[in-house]
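So the structure is just underneath, and the comments pick up after that.
The values are calculated or read from the model by the stated rules, or taken from the named source; none is laboratory data. Keep in mind it's a predicted model, so treat the numbers as computed, not measured. Every residue, glycine as well, gets a Cβ built from its backbone with ideal geometry; the counts of neighbours run over all protein chains shown. Side chains included, ligands, DNA and RNA excluded: accessible areas come from the protein's heavy atoms. Shrake-Rupley method; radii C 1.70, N 1.55, O 1.52, S 1.80 Å.
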Amino acid sequence: PTMAHSKALLVLENFIGGRFVPCSSYVDSYNPSTGDVYCRVPDSGKEEVEAAVKAAKDAFPTWSSKSPLERSQILNKLADLIEHDLEAFAQAESKDQGKTITFARTVDIPRAVHNFRFFASSILHHVTECTEMPAMGCVHYTSRAPVGVAGLISPWNLPLYLLTWKIAPAIACGNTVVAKPSEMTSVTAWMMCKLLEKAGVPPGVVNVVFGTGAKAGEALVCHPDVPLISFTGSTLTAQRITEKSAPHCKRLSLELGGKNPAIIFDDADLSQCIPTTVRSSFANQGEICLCTSRIFVQRGIYSEFVKRFVAEAKKWKTGNPSDPTIDVGALISKEHLEKVRSYVKKAQAEGARVLCGEGVDPLALPPGNQKGYFMLPTVIAEVKDESCCMQEEIFGPVTCVVAFDTEEEVIQRANGVKYGLAATVWSGNVGRVHRVAHRLQSGLVWTNCWLVRDLNLPFGGMKASGIGREGAKDSYEFFTEVKTITIKH
């Protein structure tokens, strides 16, 4: 690029040991709603990761010896600073990721703020265990200590939201961190780095290295001085992380994909169920690991459900993410848009019917967004359970609707995929709701609602959806080492 061209672009720098450090090479980051390059992201590798791990190791003794209360106050200060700049963060997240400004304002950035506040509070309330053996004259108790340097790798769909969901518990527990956001959505992480010193986070406690998974991520996972890795992303990458970290016996928390079913029984309250299921299918362009992508509807209400669901889906407006009236923004990249579209084509080739959206309805975009990566909410019917559209995670605004007859049958079919992250059950029968929830192979089951989260409770999946859980108690257990101490008196 010419000098004039590169001046206009935002150029990010790694944040290592409390300072911004330029990088020798960069990768382009696109604005998904226009298709233009708007940002240069460091293309970090071994060297940069080495420097960041060293800074984190050096900062560990002092940070880990602070009291939980001291760390808590710093986390709260950081939350206040992000909240103070909420609008700037929301604008940046929307531009960088393609999500609507409304979603960034109401979900992503408030949740990032809440993540810090939540762990700032929860760290003050953990207690350790103690047992006595009077006959042996012994008392046993446990103590918990931070582990060391945590490697945190976060994805592009909820950039600051999922990065802070890792950083907050890691540093609250007294660890130091080296974080690697997705190279496609690095801007809000870089903005957060600018606030760390003001919040009182000592140099080296939070280091952020930008770059690709293949280079920067790999270097972090393979580093012998990073004993734990928390990763959110694809099952394929997680397999690689598992292999690479095995020689070092690293502790892993892996939050992977989902192929999440919604099960709608004929006694469901459709006035609640339909708008919520449209939201659970298409929120954030369907780019949330918890989104619904398989909708099972009991045969008695199937045709009514489909008619109303499609009508509701068609009301969602797709367009410029910075327009506050828009419901669906741009998908993350050109490649990802092609991939999502290819699933719709495969479904059609297999004889399924596309009821609305891709290839069926016209997509009208504002002049400035013609080259953006947009797609209408798409509903597919008459898909076979063994179709790739019912088996693989599409991660876009596409959902499949099929009919079922009995409770027993739908449980088998809902469980018949390799994933097991989330499920929703819609029914007015409280006994059935409990019965079905118990039998679904799923880390989270919502009944008659979606995405209502209590951060106290475990979050994570079964089967190919991951390993480990995170939440108040679970994150504390993951980010600390427990020791049992026996005293004979």
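Before we move on, is Glu129 among the acidic types (Asp, Glu) and closer than 30 Å to Phe395 by Cα? So Glu129 fails the test.
Within region 107-133, work out how many residues are in a helix (DSSP H, G or I), of a type outside the set (A, V, I, L, M) and open to solvent by 20 Å² or more (accessible area, probe 1.4 Å).
6
Being in a helix (DSSP H, G or I) and under 16 Å from Pro159 (Cα atoms) is the filter here; which residues of region 84-100 pass it?
If the condition is that a residue be in a helix (DSSP H, G or I) and under 16 Å from Pro159 (Cα atoms), then Leu86, Glu87, Ala88, Phe89, Ala90, Gln91, Ala92, Glu93, Ser94, Lys95, Asp96, Gln97 are the ones that fit.
Pairing each residue of region 25-48 that is surrounded by fewer than 18 Cβ atoms within 10 Å (Cβ to Cβ) with any residue that is in a helix (DSSP H, G or I) and of a type outside the set (Lys, Arg), provided the two are 6+ apart or on different chains, yields C-beta distances under 7 Å for Lys46/Ala219. Here Gly461 meets each of (1) among the small types (Gly, Ala, Ser); (2) surrounded by 19 or more Cβ atoms within 10 Å (Cβ to Cβ); (3) over 17 Å from the mean Cα position of the chain (by Cα) with one exception, condition (3).
Restricting attention to region 58-79, which residues are part of a helix (DSSP H, G or I) and free of Cβ contacts under 8 Å to residues at least 24 places away in the same chain?
Within region 58-79, Pro61, Glu70 meet the criteria.
Entry remark, region 263-282: residues being crowded, with 24+ Cβ neighbours inside 10 Å and farther than 17 Å from Ser427 by Cβ number 3 in total.
A quick yes/no check of all residues on (1) at pLDDT 95 or above; (2) under 21 Å from the mean Cα position of the chain (by Cα); (3) more than 25 Å from Ile288 (Cβ to Cβ); (4) not hydroxyl-bearing (Ser, Thr, Tyr):
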residue	(1), (2), (3), (4)
Gly174	yes, no, yes, yes
Glu197	yes, no, yes, yes
Val205	yes, no, yes, yes
Val209	yes, yes, yes, yes
Gly217	yes, yes, no, yes
Lys244	yes, no, yes, yes
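A single entry from Gly174, Gly217, Gly213, Gly204 fulfils the requirement of being open to solvent by 10 Å² or more (accessible area, probe 1.4 Å) and in contact with a helix residue (DSSP H, G or I) (Cβ under 9 Å, 6 or more places away or on another chain): Gly213. If only residues of region 129-167 that are without any contact (Cβ under 8 Å) to a residue 60 or more places away in the chain and over 25 Å from Val178 (Cα atoms) are counted, the one that is farthest from the chain's Cα centre (by Cα) is Ala135. Only residues that are crowded, with 21+ Cβ neighbours inside 10 Å and not aromatic (Phe, Trp, Tyr) were counted across region 220-237, and they come to 9.
Restricting attention to region 416-452, the residues that are without any contact (Cβ under 8 Å) to a residue 12 or more places away in the chain and open to solvent by less than 60 Å² (accessible area, probe 1.4 Å) add up to 1. Here are the criteria: (1) in a helix (DSSP H, G or I); (2) closer than 16 Å to Ser280 by Cα; (3) open to solvent by less than 40 Å² (accessible area, probe 1.4 Å). Tell me which single one Phe296 does not satisfy. Condition not satisfied by Phe296: (1). Applying the criterion of being touching a Ser or Thr at 6+ places or on another chain (Cβ under 6 Å) and open to solvent by 70 Å² or more (accessible area, probe 1.4 Å) to the residues of region 323-370, the residue that is nearest to Met184 (Cα to Cα) is Pro324. Is it true that Cys389 is modelled with pLDDT of 95 or more, under 26 Å from Gln272 (Cβ atoms) and either open to solvent by 10 Å² or more (accessible area, probe 1.4 Å) or of a type outside the set (S, T, N, Q) (or both)? Against the criterion (modelled with pLDDT of 95 or more, under 26 Å from Gln272 (Cβ atoms) and either open to solvent by 10 Å² or more (accessible area, probe 1.4 Å) or of a type outside the set (S, T, N, Q) (or both)), Cys389 does not qualify.
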